[in-house]
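Every number here is computed from the coordinates shown, using simple stated rules; none is lab data. Computed from a predicted structure; not experimentally measured. Counting neighbours? That spans all protein chains shown, and the Cβs are built from the backbone with ideal geometry, glycine included.
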Amino acid sequence: MVNNLLLSVPYFYTKCKWIIWFLLIATTTSCIVKKLDQSPYQSQQFYRNTFANINALQDRSSSNNIGEPVGIGWSKINITPTLASPIAGYGGRRNKKCDKILDSIFIKTFVFAQANTKAALVCADLLLFPMEVKQEIDKLLPTIDYQPYQIYFTATHSHSSLGGWGRRLLGRAIAGKYSKKLVQQLAIAVVKSIQLAQQQVSPATIGFETIATIGLVKNRLIENNHEIDSTLRLFKFCKPNASAALAVFSAHATCIPSSCRNLSGDYPAAFTLQMETTENIDLVAFAAGAVASHGPILNADTVITTRISQLSHGLYSAAHPVWDTMKTIPAAQLHSKYYPLYLRKPQLRISPKWVLAPWLFYTFLGNYPSGISVLKIGNILMVGMPCDFSGQLALPLYQQALQKGLHLVITSFNGGYMGYVTPDKYYQLNEYETKDMNLYGPENGAYFSEIISTIIAK
């Protein structure tokens, strides 16, 4: 009986081999790819989970001490590496070892405090605020009596700054060889910067201006599209014998091309240094605004340092006439929040209707939690996004906030990362931002805009 069964196997395979191979290939393929999820985002559980959190979370770090001014402290830590350190920014930059230090890079931190309420704003001269570094910082925060929701992270988005912090395959492709030691060193530097800023907290006044710029930023996704956020948003912090500033702008920090291996903070570093030295400001920090689809306007034929100065001097020319006359007042209220963000399963497209299976996506890119950060100081509302958020999407949100009497400031790279978020009408566009780096499927433009709109309205 056994021999008869064994003899029947070759016969069965000969007759059915095409069916067997078809089933094998179909099974394998179904494990590797999935059909694109195009169901409406508002009908899905991830949407309900996110808004349930937004509606349920109280102002856990909210001060009711109206009339008692917010105190401020600031600090900076130099994180400039040695030569041969990896640099992050471009996947096409094959050799990622730094061959020259063009300028210094820093962690710049502001701490805001009012009675028993405090929050830290951390600006890193990096491509983004790395997820691995944030996870290390979260472990250290109890040692300095902070909780994760009290830390607002952002970055300058320099494409030629320090790498080595990406543990997964894509992270290594962008940021070079991973170094656990470097991640720990960055985390320690951030915690130290918070401690130093905390020690400097004292009464201060705050000013805020929106400044129009011309000829510095373009829509790099759609040629000749003039829907751009070209506004420089400038904070001024004043004490009797000291001052500091924070600038937020939406042009990608890509003055240095992928062919160059100079480590640099790009135009944000040059701009902040020029402001510090010529305006006699103790510290000037920079945060990338809503940078998706927003590129710098550059003369491609000029040398690197000239390209950098085109942007940095353009911003300085906008800020300089305003700085001395900016009015500052005490801020009467402070609060910070962090809303966990729920998303579709990953939707990295390999064709118009098929995406990489989630397990493969997580293998290559990792599976990190993400959320939306909120820091409100007086009538200034800062919203930190875990992505390259579109300046086109930001424009109507700024108007909504103004109608509520708020100055909205949207920044990118808050310690999570889920790709580019661009207007949904461009979802099928075969471009880097809309296809390769739109990682979580259609309708994220509407989804994220609805979240920010709800935060403004609360």
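Near residue 152, the amide H atoms lying under 5 Å from its own belong to 120, 121, 122; only residues 5 or more places off or on other chains count, and H is placed 1.01 Å from N. Computed from phi, the 3J(HN,Hα) profile of the stretch 337-350 under the Karplus parametrisation 6.51, -1.76, 1.60 (θ = phi - 60°) reads 8, 9, 9, x, 10, 10, 10, 4, 4, x, 10, 6, 6, 10 Hz, with x in place of Gly and Pro. Taking the C-alpha atoms only, the angle from helix 180-199 to the longest principal axis of the chain is near 30 degrees. Using a cut-off of 20 Å between Cα atoms, the listed pairs 108/134; 118/404; 76/236; 97/139; 239/404; 376/404 include 118/404; 97/139; 239/404 as exceeding that distance. When peptides 164-176, 349-361 are ranked by their average number of other Cβ atoms within 10 Å per residue, the highest-first order is 164-176, 349-361. If one takes the longest principal axis of the Cα atoms in the chain, at what angle in degrees, from 0 to 90 and to the nearest 10, does the Cα axis of helix 2-32 lie? Approximately 20 degrees, to the nearest 10. If R0 is taken as 45 Å, the Cβ-Cβ distance between residue 36 and residue 82 corresponds to a FRET efficiency of 0.50. Residues with beta-carbon under 13 Å from that of residue 236, excluding residue 236: net charge, scoring Lys, Arg +1 and Asp, Glu -1? Summing Lys and Arg as +1 and Asp and Glu as -1 gives -1.
Dipole check for the stretch 179-308: with +1 at the C-beta of Lys and Arg, -1 at the C-beta of Asp and Glu, and the Cα centre as origin, the magnitude is about 520 Debye. Hull volume per residue, based on the alpha-carbon atoms of the chain and their convex hull, is 186 Å³.
Take every pair of alpha-carbon atoms less than 8 Å apart whose residues are at least six positions apart; their mean separation over the length of the stretch 148-302 yields a relative contact order of 27 percent. Beta bridges from DSSP with both residues in the stretch 36-458: antiparallel share about 70 percent, rounded to the nearest 5.
Here the chain is assigned +1 on the Cβ of each Lys and Arg and -1 on the Cβ of each Asp and Glu. Its dipole about the Cα centre then comes out at about 1520 debye. Each of the peptides 243-254, 69-80 was scored by the mean count of other Cβ atoms within 10 Å over its residues; in descending order, highest first, they stand as 243-254, 69-80.
Hey, which lysines would be in cross-link range of residue 34, C-alpha to C-alpha under 26 Å, not counting anything within fewer than 8 residues on its own chain? Reachable lysines: 17, 345, 353, 425, 435.
Computed from backbone phi with θ = phi - 60° and the Karplus coefficients 6.51, -1.76 and 1.60, the 3J(HN,Hα) list for the stretch 217-231 is 9, 9, 7, 8, 7, 10, 4, 6, 8, 9, 7, 9, 9, 9, 8 Hz; x is used for glycine and proline.
Between residue 458 and residue 328, the FRET efficiency from the beta-carbon distance, with R0 = 25 Å, is close to 0.40. Charged neighbours of residue 205, selected by a Cβ distance under 13 Å, balance to +3 (K, R count +1; D, E count -1). Over the chain, DSSP H runs of length four or greater, each weighted -39,500 (n - 2.57), average out per residue to a 222 nm ellipticity of -10500 deg cm²/dmol.
Toward the positive end of the charge dipole of the chain, with +1 on the Cβ of Lys and Arg and -1 on the Cβ of Asp and Glu, the farthest Cα among 325, 359, 406 is that of 359. Taking 0.36 nm per residue of separation and subtracting the Cα-Cα distance, full extension of the segment from residue 273 to residue 115 would add 53.6 nm. Against the main long axis of the alpha-carbon atoms of the chain, helix 45-56 sits at an angle near 30°. Between the beta carbons of residue 404 and residue 147, assuming R0 = 22 Å, the FRET efficiency works out to 0.20 to the nearest 0.05. Inter-label distance, residue 297 to residue 259: 2.4 nm, where each label sits 7 Å from its Cα along the C-beta direction. Can you compute the modelled spin-label distance between residue 363 and residue 94, with each label point 7 Å from Cα toward Cβ, in nm? It works out to 2.6 nm between the two label points. Taking amide H as placed 1.01 Å from N in the peptide plane, residue 161 has its amide H under 5 Å from the amide H of 88, 127, 264, each at least 5 places away in sequence or on another chain.
Taking every C-alpha pair closer than 8 Å and separated by at least 6 residues, the mean separation divided by the residue count of the chain gives a relative contact order of 19 percent.
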